[in-house]
Amino acid sequence: MADEAVAPSELLIKEGDYVVLKKEDVYKAVQVQRRKKVIFEKQWIYLDNTIDQHYGTTFEITAGGNLQTKRKEVAAAEPKEAGADNRNIIDDGKSQKLTRDDIEALKEKGIKGQEIVQQLIENSTTFRDKTEFAQEKYIKKKKKKYEANITILKPSTRILAMMYYAREPGKICQLRYDTLAQMLTLGNIHAGSKVIVMETCAGLVLGSVMERMGGFGTVIQMYPGTGPVRAATDCFGFPKPFYKSLYEFPLSKVERLVSGTFSGYTTRVPTEQDTPQADEESNGSVAERRETAQEADEDSSAADSESVTAIEKKRKQDERRKRESEAAVLLQNRNADGLIIASRFHPTPLLLTLLDFVAPSRPFVVYCQYKEPLLESYTKLREKGGVVNLRLSETWLRNYQVLPNRSHPKLVMSGGGGYLLHGITVLRETAKPNSNAPESTEEPAPKKLKVAELES
């Protein structure tokens, strides 16, 4: 007898996983934790019952904010009669017999949303006069309002990009999901490559690159300020091995790296012998330690905790400096396979500097919400040389409603998805020496980049 198929663990929701809640066209990324309240669409819910369930499962919100797996139910009986047109229907607000108080009373009795929708249909004086299409639209609208169903999805680039663009577009520099897909394609992001990423999109572009690479290869994140922002990257829920291939390097030190004055760090993990308490004990005799043991008993626990905290803090600092030095070595090799830029800063100084770390015959992509900064970058690259197939493009997206006998473009659409500048790096030829006026064939030293130019 064949064994029953067991679902892989990655297809089941586990405690601590990052998931995406979906209700109609609304998304929200949260972390699954037991007995933790989560507010979603003005409702408090608990995600305890989602643990060990399959991704893609739809749940109903029950009393107390608990989630219950939605059972397959027979569709509510709907009137088959329909009017020829809607010309005689007047929207005066008097067609519905049920008042708001009546609906709230039904909710307090525990009546489910599907039954409430059915009662709204039965108490509507104009429902039968509507056309078949208008009836379907009415039912869909009421279900969206009164049926409390939530679907748990596994985070992905498409879902998170749609969520951020709909909820917080300013945090991702108005980067639309189709434009992000174009960036990943034009940048030739794939497993085993070495990519430089400079973004200020809350970590969305970085997470998208890491997801496509699948944990294989190297990603070097350039960041402004004191540290990288990876709020959206954490929402992907990557396993820890993914972060071993992720390095970070601050923009404030790029100038020293380009000029060759950057020096690495030597790491040394502190031990217990480095603490003041340990030094004092090592200098004293055994008899003295025994005499002072009782007096120091009360403060020993506090001192130990402080020393452990100091050691842990020092260890993290050394680890960060070590990773920064490793990132500097990777950049100094100047053999990156690609460059992705999507930031709120002016792209020209960033692009001209970071391109020096990219190997010849490699793609680069720059995103900007506005066209004018990229036009300047386009002109500067043409003057400098070293690139081919330089293109400045804009993507256009419009959603369509696809239904029988009424497929058409949706009336509401996004105003714009930003602009992309992309091209291929090449090796520049050096000038041939002239017999009359000999000239050096060495390439001019790269221009030092000021931090003010990067963050202006």
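The values are calculated or read from the model by the stated rules, or taken from the named source; none is laboratory data. Nothing here was measured: the structure is a model prediction, and the numbers come from that model. Backbone-built Cβ (ideal geometry, glycine too); neighbour counts: all protein chains shown.
The criterion of being in contact (Cβ under 8 Å) with a residue 24 or more places away in the chain and either more than 22 Å from ARG362 (Cα to Cα) or not in a helix (DSSP H, G or I) (or both) holds for GLN221.
Within the range 335-375, the set of residues being surrounded by fewer than 16 Cβ atoms within 10 Å (Cβ to Cβ) and either of a type in the set (Asp, Glu) or closer than 24 Å to MET213 by Cα (or both) comprises ASN335, ALA359, PRO360, SER361, GLU372. Could you go through the range 118-137 and let me know if any residue there is assigned to a helix (DSSP H, G or I) and touching a Cys at 6+ places or on another chain (Cβ under 9 Å). For the range 118-137, residues assigned to a helix (DSSP H, G or I) and touching a Cys at 6+ places or on another chain (Cβ under 9 Å): absent.
Being out of contact with any helix residue (DSSP H, G or I) (no Cβ under 9 Å at 6 or more places or on another chain), on the phi > 0 side of the Ramachandran plot and of a type outside the set (Val, Ile, Thr) holds for only one residue in ASN405, ASN389, and it is ASN389. Only one of the numbered conditions (1) at pLDDT 70 or above; (2) closer than 30 Å to ALA29 by Cβ; (3) loosely packed, with under 15 Cβ neighbours inside 10 Å is not met by GLU132, and that is (2). The listed residues are GLY215, GLY227, and the only one of them that is in contact with a Pro (Cβ under 8 Å, 6 or more places away or on another chain), free of Cβ contacts under 8 Å to residues at least 60 places away in the same chain, more than 18 Å from ALA161 (Cα to Cα) and surrounded by fewer than 19 Cβ atoms within 10 Å (Cβ to Cβ) turns out to be GLY215.
Contact map, the range 308-331: first residue closer than 18 Å to PHE357 by Cα and exposed (fewer than 14 other Cβ atoms within 10 Å of the Cβ), second residue modelled with pLDDT under 90 and of a type outside the set (Phe, Trp, Tyr), Cβ cut-off under 9 Å, separation 6 or more or different chains; pairs are VAL329/GLY264. Exactly one residue among LEU397, LEU427, LEU454, LEU390 is modelled with pLDDT of 85 or more and surrounded by 13 or more Cβ atoms within 10 Å (Cβ to Cβ), and that residue is LEU390.
Pairs meeting the criteria (first residue in the range 190-206 and in a helix (DSSP H, G or I), second residue among the small types (Gly, Ala, Ser), beta carbons under 9 Å, at least 6 apart or on different chains) are LEU204/ALA161; LEU204/ALA231; LEU204/ALA232; LEU204/ALA342; VAL205/ALA232; VAL205/ALA342; LEU206/ALA232.
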